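Notes for the one structure printed next.
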Amino acid sequence: MRKTIIILLLATLFISCKHHEPKPYGYFRIDLPKAEYVVFDSVYPPVTMQISKYAKVQPRKSKETDEDWVDIVYPSLKGRIYCSYKKINGDFRKLSEDSRSLVYKHTVRADAIIEKPFQNPDAKVYGIMYELTGNCASPVQFILTDSVHNFIRGALYFDAVPNADSIAPVSAYVEKDVKRLVESMRWKK
């Protein structure tokens, strides 16, 4: 009888132990604040635009030309929009192609690059917003110009390993801010 009980217990033990699949990898939940905007009025670059209330503007010197540039920093999201400004001195085509080549350097890691043209003829603001999908370092970039005097390039980067799944909510949140920045940008005289 004792042998039978032991055999039944062992059989039950073996039958009840199933092979369990590992649980999928999860990410922390990120609570993002409601989007609110303030006007950024700048002398250099000579623009006004709406930026997120939760972002800070930090001046930065260009390493190549010693020009004053600005970064729009999201401290709580560990993100930064690097904005560079250049005066167009007959070199619009070169500036445009240089910016485009910087975007397309991400093709090594990007699944797709979606170009979204933008134009506001009343404000003389024209440009392209680039959405980069996949595990690339910069999920959104843009160029804005009046085609004659002013040229601005912006690129969003996060202080994190490029993983589209983990930064997707934050990336989408900041991308809406970039869209608002692009749509609200005006050149100062």
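The values are calculated or read from the model by the stated rules, or taken from the named source; none is laboratory data. Since this is a predicted model, take the numbers as computed values, not measurements. Using ideal geometry, Cβ is built from the backbone for each residue, glycine included, and neighbour counts are taken over all protein chains shown.
What to note about this one:
- Taking the criterion of being farther than 16 Å from residue 110 by Cβ and either of a type in the set (A, V, I, L, M, F, W, C) or in contact with a strand residue (DSSP E or B) (Cβ under 7 Å, 6 or more places away or on another chain) (or both), the residues of the stretch 146-171 that qualify are 146, 147, 148, 149, 150, 151, 152, 153, 154, 160, 170.
- Applying the criterion of being outside any loop (DSSP other than H, G, I, E, B) and not hydroxyl-bearing (Ser, Thr, Tyr) to the residues of the stretch 63-77, the residue that is nearest to residue 182 (Cα to Cα) is 72.
- Checking 80, 60, 29 one by one, the residue that is modelled with pLDDT under 90 and in a strand (DSSP E or B) is 60 and no other.
- All positions within the stretch 171-189 that are in a loop (DSSP other than H, G, I, E, B) and either crowded, with 19+ Cβ neighbours inside 10 Å or at pLDDT 95 or above (or both): 185
- Against the test of being under 21 Å from residue 149 (Cα atoms), surrounded by 10 or more Cβ atoms within 10 Å (Cβ to Cβ), among the β-branched types (Val, Ile, Thr) and at pLDDT 90 or above, the options 38, 73, 47 yield a single qualifying residue, 47.
- For the stretch 37-57, the set of residues classified as in a strand (DSSP E or B) and small (Gly, Ala, Ser) consists of 52 only.
- Residue count for the stretch 50-70, restricted to those that are touching a helix residue (DSSP H, G or I) at 6+ places or on another chain (Cβ under 9 Å) and loosely packed, with under 15 Cβ neighbours inside 10 Å: 0.
- If only residues of the stretch 115-164 that are among the aliphatic types (A, V, I, L, M) and in contact with a Pro (Cβ under 7 Å, 6 or more places away or on another chain) are counted, the one that is modelled with the lowest pLDDT is 137.
- Total residues in the stretch 111-128, condition in contact with a helix residue (DSSP H, G or I) (Cβ under 9 Å, 6 or more places away or on another chain) and either surrounded by 15 or more Cβ atoms within 10 Å (Cβ to Cβ) or free of Cβ contacts under 8 Å to residues at least 12 places away in the same chain (or both): 6
- Every residue from the stretch 134-170 that is closer than 21 Å to residue 99 by Cα, surrounded by fewer than 22 Cβ atoms within 10 Å (Cβ to Cβ), among the polar types (S, T, N, Q) and touching a residue at least 40 places away in the same chain (Cβ under 8 Å): 147, 150
- Test: residue in the stretch 138-160 that is more than 16 Å from residue 49 (Cα to Cα), β-branched (Val, Ile, Thr) and assigned to a strand (DSSP E or B): yes
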